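Asker: Right, I'll just put the structure down here and ask away after.
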Amino acid sequence: MIKLTPFKSCGPDGIHVNVLRKCLNFDKPLSYIFNLSMRTGLVPQDWRDANVTPLFKKGSRTSLSNYRPVSLTSQIVKLMERLIRVAILSHIIRNKILSCHQHGFQSLSSCITQLIECLNDWAESFDNRMGTNCIYLDFAKTFDTVPHHRLKIKLGNVGIRGNILRWIVSFLKNRRQKVVLPGGSIQLE
């Protein structure tokens, strides 16, 4: 819990990250709750709630397209998500599931390392007098459109099964959002 970023906003439960950082004696009760959630594959409804706040990007403040929605969830579930992420990443690395060409969301990799790899490949093609074709795609807001039943199948296909898969499916089911604006909030179903 000490590794939690102290400047994060709290979610719908109102528990600020600093409360968790200062109450290190909560580790045993939280560990019990996390283990119970994982063993049963069930996620409490409060962990599936989010406050959505519009974050201004640029341009006219009167245009909705100039705002990016930011979902603020419970700091407690963020801790659990980290544990799930570590388990999934160790499975993926141990079983060599990702391509060595995967740069997104990888430690020590970024869009810069991807670009360097592309430039290297293009230079090799040029040196060998070979042509290079390139297609750029931008999958904007892709995660928002992933069908959950397909995600479940894909995760199962790469060996993510059992309690972790049940937990992820439960986490994605019956999520609730509330848009939080400076003047109040709006409940969404």
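Every read-out reported here was derived from the displayed coordinates using simple, explicitly stated rules and does not represent laboratory data. Because the structure is a prediction, the values reported are computed rather than measured. Please note: Cβ atoms are built from the backbone with ideal geometry, for glycine as well, and neighbour counts cover all protein chains shown.
Asker: For F171, what charge total do you get from the other residues with a beta carbon under 10 Å from its beta carbon, if Lys and Arg give +1 and Asp and Glu give -1? Each step should come with its number before you reach the end.
Answerer: Details: positive: R48, R166, K173, R175; negative: E81.
That works out to +3.
Asker: Here's another thing I want to ask about it. Would you mind telling me the antiparallel percentage of the DSSP bridges in segment 17-187, rounded to 5?
Answerer: Working: 10 of 14 bridges.
Of the beta bridges lying entirely in segment 17-187, close to 70 percent run antiparallel.
Asker: Mean separation of Cα pairs under 8 Å and 6+ residues apart, divided by the residue count of segment 78-188: what relative contact order is that in percent? Working shown, then result.
Answerer: Working: 35 pairs, mean separation 14.8, N = 111.
It comes to 13 percent, rounded to a whole number.
Asker: So which of K57/K152; K96/K154; K58/K173 end up more than 23 Å apart by C-alpha?
Answerer: Working: K57/K152 33 Å; K96/K154 16 Å; K58/K173 33 Å.
Correct reply: K57/K152; K58/K173.
Asker: Something else now. Could you tell me the center-to-center distance, by alpha carbons, between segment 12-80 and segment 94-129 in angstrom?
Answerer: Comparing the Cα centres of segment 12-80 and segment 94-129, I get a distance of 33 Å.
Asker: Here's another thing I want to ask about it. Rounded to the nearest 500, what is the chain's calculated 222 nm mean residue ellipticity when only DSSP H runs of at least 4 contribute -39500 (n - 2.57) each, over all residues? Could you put the intermediate results ahead of the total?
Answerer: Numbers: 6 runs with 78 residues, N = 189.
That comes out to -13000 deg cm²/dmol.
Asker: Near the amide H of V52, under 5 Å away, which other amide H atoms are found, from residues 5 or more places off or on another chain, if H is placed in the peptide plane?
Answerer: Result for V52 returns L72, K178, V179, V180.
Asker: Something else: Most mobile of R129, R48, R175 per a Gaussian network model of the chain (Cα springs, under 10 Å)?
Answerer: R129
Asker: Hand me the chymotrypsin sites (Phe, Trp or Tyr not before Pro) from segment 31-135 located in a DSSP loop with no more than 12 other Cβ atoms within 10 Å, in residue order please.
Answerer: Numbers: sites: Y32, F34, W47, F56, Y67, F105, W122, F126; in loops: F105.
Of the chymotrypsin sites (Phe, Trp or Tyr not before Pro), the ones in loops of segment 31-135 whose Cβ has at most 12 other Cβ atoms within 10 Å are F105.
Asker: With +1 on each Lys and Arg Cβ and -1 on each Asp and Glu Cβ, and nothing else charged, work out how big the dipole of the chain is about its Cα centre, in Debye to the nearest 20.
Answerer: Working: 27 positive and 12 negative charges, 130 e Å.
Taking the Cα centre of the chain as origin, the dipole is about 620 debye.
Asker: A further question on this structure: Once the dipole of segment 17-187 is set up with Lys and Arg at +1 and Asp and Glu at -1 on Cβ about the Cα centre, which of I160, F105, N18 lies farthest towards its positive end?
Answerer: After comparing all options, I get N18.
Asker: A further question on this structure: Classify segment 1-52 as rounded, prolate or oblate, taking a ≥ b ≥ c as the square roots of the eigenvalues of its Cα gyration tensor: rounded when a/c is under 1.5, otherwise prolate if a/b is larger than b/c and oblate if not. Working shown, then result.
Answerer: Working: a/c = 2.59, a/b = 1.18, b/c = 2.20.
It is oblate, given that a/c is not under 1.5 and a/b is not larger than b/c.
Asker: When a footprinting reagent is the concern and you count Cβ atoms within 10 Å, what order do F143, F26, F171 take, fewest first? Intermediate values should be presented prior to the final figure.
Answerer: On the way: F143 7, F26 14, F171 20.
Ranking F143, F26, F171 by Cβ neighbours within 10 Å, fewest first, gives F143, F26, F171.
Asker: Under 5 Å between amide H atoms, partner at least 5 residues away or on a different chain: which partners does Y67 have, H built in plane at 1.01 Å?
Answerer: Hits under the 5 Å cutoff: K57.
Asker: State the extension gain, in nm to one decimal, for the chain segment bounded by L165 and D27, taking 0.36 nm per residue of separation less the distance between their alpha-carbons. Intermediate results must be reported in sequence, preceding the final value.
Answerer: On the way: separation 138, 0.36 × 138 = 49.68 nm, distance 2.42 nm.
Result for the pair: 47.3 nm of gain on full extension.
Asker: Let me ask something additional. Can you classify segment 56-119 as rounded, prolate or oblate using the Cα gyration tensor, where a ≥ b ≥ c are the square roots of its eigenvalues, rounded means a/c under 1.5, and otherwise it's prolate if a/b beats b/c and oblate if not? Don't skip to the answer; put the middle values down first.
Answerer: Numbers: a/c = 4.09, a/b = 1.33, b/c = 3.07.
Cα axes put segment 56-119 in the oblate bin.
Asker: Once a ≥ b ≥ c are taken as the square roots of the eigenvalues of the Cα gyration tensor of segment 17-187, is the result rounded (a/c under 1.5), prolate (a/b larger than b/c) or oblate (a/b not larger than b/c)? Before the final figure, lay out each step's value.
Answerer: On the way: a/c = 2.13, a/b = 1.35, b/c = 1.57.
Cα axes put segment 17-187 in the oblate bin.
Asker: Cut-off 10 angstrom, C-alpha nodes, Gaussian network model of the chain. Which of C111, C134, C100 fluctuates the most?
Answerer: C134
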